[in-house]
Amino acid sequence: MNKAVFRCAHNRKQLTNGGFVMKQIIKISIIMLMAITSPACNYLYTELFDQKNIPVILQLGLSQTAKRVYGQSGSFTANMPNNDGVSADSLFWPKGVAVDAGGVYIADYQNNRVLYYSGTSTTASRVYGQSSFSSNAYNNNGLSADSLAAPTGVAVDANGVYIADYQNNRVLYYSGTSTTAERVYGQGGSFSTNTYNNGGVVSADSLGGPAGIAVDASGVYIADSTNNRVLYYSGTSTTAERVYGQGGGFSTNTYNNGGVVSADSLGGPAGVAVDVDGVYIADYQNNRVLYYSGTSTTATRVYGQSGSFTANMSNNGGVSADSLFWPNGVAVDANGVYIADSGNNRVLYYSGTSTTASRVYGQGGSFSTNAYNNGGVNADSLNSPQTVAVDASRVYIVDAGNNRVLWY
């Protein structure tokens, strides 16, 4: 082994001497492992080369200390709601986050709006649900395609933005950069109604308190929280064609599908994520996250309950790398799964298909503690994290109790 190159993952920029700190080098035969940190970037990888200049190892590393904060004017030690007043820089109990190649979207729950931040800016440049950055009225100017009431989730695809408008019992879709919705889920096509289950009838067209959203190339997944189900919509249809948590039926909404905790039941699902292999659902009231392979609506993997599909205790067996307490959000990347473990004031990362966490955010590296703002409000602390978003090189955590979103 004769060469090692260290790069920032987000831009592949090579770090020169002085741009990183070497923590450890271990060489065993032809294998070398390195641990490095850098003030220049948060997410690093190491290319190791043999004598023929062929890369043989790619070692990833990620800090659990935030490098950027939204909602607190750049301060990691402040956590006031609407710090300095309602503005393009403030947040009040944010609930959702999404990211695309252009920037970041944050569902600002108590301010009845969603904010968009371009690039790395922490000052919003676009607002959904309010006519200005200084207003936060519930259904500002009346219920319409421009209004929001306590938005909980946000998702993006190549063409537009999806917002879970929780108290209006609908999900809105906005094309491109427009802040006026052009499609509505849960209200029979109407932008001027907001009735629970569209008049009281549970169906493939109704919603009751939608929370998390996920999108893929084929369609949209909505966590229909108070109906104890997750719905899948193909393409641009606003009528669901698949249901999770209700035994395949669109006309029922019972908690744990009649009271029995199983691989087919849900209790107040709050978050959903999707990858090429399947679907992940944050089953909030059952203190677990379920994984469903392909298009199956029966879970084949469970996080938070030691492998059991019939248990739903909070912190089953005690606070650990295997336990969960009110998981509210879930995200996936090419290497693993992130779960916002809100009741334990932490976010857990699971590598591959493991259901034992290998990384923790918000608890100073400990898997056995769950105090809010462990060590005080700082770049390492969390208080009731709600959701997570990831891209190729970054992790975003909605730190709701601290009225901020953190970037790692």
| request: Please express the Cα-Cα pair-distance distribution P(r) of the stretch 66-407 as a list of whole percents, one per 10 Å bin, running from 0 to the bin with the greatest distance. | output: 6, 29, 36, 23, 6
| message | Apply the Karplus curve 6.51 cos²θ - 1.76 cosθ + 1.60, θ = phi - 60°, to the phi angles in the stretch 150-166 and return the couplings in whole Hz, x for Gly and Pro. | response | 6, x, 10, x, 8, 9, 10, 10, 5, 10, x, 10, 10, 10, 7, 8, 3
| 3J(HN,Hα) from dihedral phi, the stretch 286-291, Karplus parametrisation 6.51/-1.76/1.60, rounded to Hz, x for glycine, proline | 9, 6, 7, 10, 10, 10
| request: Starting from 0 in steps of 10 Å, tell me what percent of the Cα-Cα pairs of the stretch 114-233 lands in each bin. | output: 14, 48, 31, 7, 0
| field | C-alpha center-to-center spacing [the stretch 355-381, the stretch 235-272] in angstrom | value | 32
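Values quoted throughout were computed directly from the atomic coordinates according to the rules given, and no laboratory measurement underlies them. None of these values were measured; they are calculated from a predicted model.
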